[in-house]
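Structure first, then comments.
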Amino acid sequence: MGMSGLLREIASTYDADAGTKRDVMGQVVLRGVAERVDLSLPPSLFAKGYGGQSSAAATPWVGVFDPAINSKPGKGLYLAYIFSADLKTVSLTLQQGITHLEDRLGRGQARQDHLRRQAERLRRSVARQRRAGWIDEPTLRHHADRPRAYEAASVIARSYELAELPDDGVLSGDLAHAAGLLKRTAVAQEAWYFSDGDGELEVNFAPDGHGAHDEDPLAGFHPKDSSDYVANIVARQQVKKRHHEALIDSFGHHAVARGYTPTTRLMHPKDLVLHRTSEGRTPKNEWLVEAKVVRANNPTDAVRQVIGQLFEYSHFLYRERQVEEPHLIGLFTQDIGVYSGYLESKGIASIWRSDGGWDGSPSASRWDMTG
């Protein structure tokens, strides 16, 4: 039957006035979406149908989730085929979760305004990938708050008339495109979440994924320029040293010599991610590296920042997404003294520059990252 058949079946059987009892045909079709194997979803994605709980939804929908990004619709980003209330159109939309905002913003205009502001900002991350026929928001043709919130939460959408629904080949191509936009937008959302202030997001995207190529372990390693730069700060100028970027650059090349593939591309807000080069494109282990400059020979602040950021990233970017948590490494410009043992007791390895090479904690030595 495929995706086109499923969407037509929902449109022809769904009745919002029929309620949500188990024998209601439209609800039966939606509940069966999770078991379908004929939908030609992109690899690793899964689908689930939604028709309401205690009362039937005015606008039924089918969610398509990337488990590496989000597995539930209440919060975070996901894809959805949302039907208009009159069941004449269905829209494939990149959605923001809406229900987690209810406690803070309620269910009215404030939430819609907030969602539109976020959607506009996230939309910039996919502007260059926008295709003809894609729009910002679908039109769901219902006055209730939830359909209006779905409209406001849309980052980008593709609407289809059910009477002229494309075949499965076209739908599959659009869904694959949307899955790519979902990944790009998720990276932008992370950058926004962990960034300071409300400025523009600075996120670079690879056209064909973001892993390092087998032929070149440095293919995904692009540390920023380590030269000095001038920053204008409140009517005066300061010359800043990019020692942070130089530290990552130097260690990344060292890691290659030790049999690791370093990646910075599309890793923001992470400083650096390492995999064993021998494991190719399906590595079993990941090392998350947070780099810090030790200032005035006092490592205290640098160590505190490393602990906070590594634990935060490990929780939100791995554990919350049900992804296996990485090994943690604090990378420093100089010896951090007694703090090395302290970090080791917290499950964080430490590595620092030494005369002519790199020194580190027992875990770092065991992973063959020093020397």
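Test Val29 against the criterion of being among the hydrophobic types (A, V, I, L, M, F, W, C), surrounded by fewer than 16 Cβ atoms within 10 Å (Cβ to Cβ), over 19 Å from Pro138 (Cβ atoms) and out of contact with any His (no Cβ under 8 Å at 6 or more places or on another chain), and give yes or no. Considered against the rule, which asks whether it is among the hydrophobic types (A, V, I, L, M, F, W, C), surrounded by fewer than 16 Cβ atoms within 10 Å (Cβ to Cβ), over 19 Å from Pro138 (Cβ atoms) and out of contact with any His (no Cβ under 8 Å at 6 or more places or on another chain), Val29 comes out as no.
When restricted to residues that are open to solvent by less than 50 Å² (accessible area, probe 1.4 Å) and on the phi < 0 side of the Ramachandran plot, segment 265-278 contains 8. Restricting the first member to segment 337-349 and to residues that are of a type in the set (Ser, Thr, Tyr), and the second to residues that are buried (at least 16 other Cβ atoms within 10 Å of the Cβ) and assigned to a strand (DSSP E or B), the beta-carbon pairs closer than 6 Å and six or more apart or on different chains are Ser340/Ser350. When the helices (runs of 4 or more DSSP H) confined to segment 2-105 are screened for residues that are out of contact with any helix residue (DSSP H, G or I) (no Cβ under 7 Å at 6 or more places or on another chain) and farther than 25 Å from Ala152 by Cβ, those reaching at least 2 such residues are found at 2-13, 25-31. Total residues in segment 53-92 satisfying the condition of being of a type in the set (Ser, Thr, Tyr) and more than 28 Å from the chain's Cα centre (by Cα): the figure is 3. Residue-level check: of (1) surrounded by fewer than 21 Cβ atoms within 10 Å (Cβ to Cβ); (2) at pLDDT 95 or above, Tyr81 misses just (1).
Residue by residue, here is whether (1) among the small types (Gly, Ala, Ser); (2) closer than 23 Å to Ala11 by Cβ holds:
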residue	(1), (2)
Phe46	no, yes
Ala57	yes, yes
Val64	no, yes
Lys75	no, no
Ser91	yes, yes
Gln96	no, no
Leu101	no, no
Arg121	no, no
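The single residue among Glu290, Glu312, Glu286, Glu324 that is among the acidic types (Asp, Glu) and open to solvent by 90 Å² or more (accessible area, probe 1.4 Å) turns out to be Glu324. Do you know which residues across segment 41-59 are open to solvent by 30 Å² or more (accessible area, probe 1.4 Å) and within 22 Å of Gly180 (Cα to Cα)? Within segment 41-59, Leu41, Pro43, Ser44, Phe46, Lys48 meet the criteria. For segment 116-175, the candidate set comprises residues that are among the aliphatic types (A, V, I, L, M) and open to solvent by 10 Å² or more (accessible area, probe 1.4 Å); within that set, the residue that is nearest to Ala58 (Cα to Cα) is Ala144. Across segment 333-357, the qualifying residues are those that are of a type in the set (D, E, K, R) and either within 24 Å of the chain's Cα centre (by Cα) or not in a loop (DSSP other than H, G, I, E, B) (or both), and the one among them that is surrounded by the fewest Cβ atoms within 10 Å (Cβ to Cβ) is Glu344.
Of the residues Asp23, Asp38, Asp15, only one is open to solvent by less than 60 Å² (accessible area, probe 1.4 Å) and among the charged types (D, E, K, R); which?
Asp38
Scanning segment 294-332 for residues that are farther than 30 Å from Asn70 by Cβ, among the basic types (Lys, Arg) and either under 20 Å from the mean Cα position of the chain (by Cα) or not in a helix (DSSP H, G or I) (or both) returns a single hit, Arg295. Answer yes or no: is there a residue in segment 253-264 that is in contact with a Gly (Cβ under 7 Å, 6 or more places away or on another chain), open to solvent by 30 Å² or more (accessible area, probe 1.4 Å) and at pLDDT 90 or above. Within segment 253-264 (the criterion being in contact with a Gly (Cβ under 7 Å, 6 or more places away or on another chain), open to solvent by 30 Å² or more (accessible area, probe 1.4 Å) and at pLDDT 90 or above), the answer is no, since none of the residues qualifies. Tallying residues that are without any contact (Cβ under 8 Å) to a residue 40 or more places away in the chain and of a type in the set (Lys, Arg) within segment 244-285 yields 2. Just one of Ala219, Ala206, Ala231 is at pLDDT below 50 and more than 30 Å from Ile98 (Cα to Cα); which is it? None of the other options fit; the residue is Ala231.
For first residues located in segment 20-40 and in contact (Cβ under 8 Å) with a residue 12 or more places away in the chain and under 18 Å from Leu171 (Cα atoms), partners that are in a helix (DSSP H, G or I) and among the charged types (D, E, K, R) and lie 6+ apart or on another chain with Cβ distances below 7 Å form the pairs Ser40/Asp168.
The values are calculated or read from the model by the stated rules, or taken from the named source; none is laboratory data. Note that the structure is a prediction, hence the values are computed from the model and not measured. Neighbour counts are summed over all protein chains in view; Cβ atoms, including those assigned to glycine, are modelled from backbone coordinates with ideal geometry. Please note that ligands, DNA and RNA were not included when accessible areas were found on the heavy atoms of the full protein model with its side chains. Shrake-Rupley method; radii C 1.70, N 1.55, O 1.52, S 1.80 Å.
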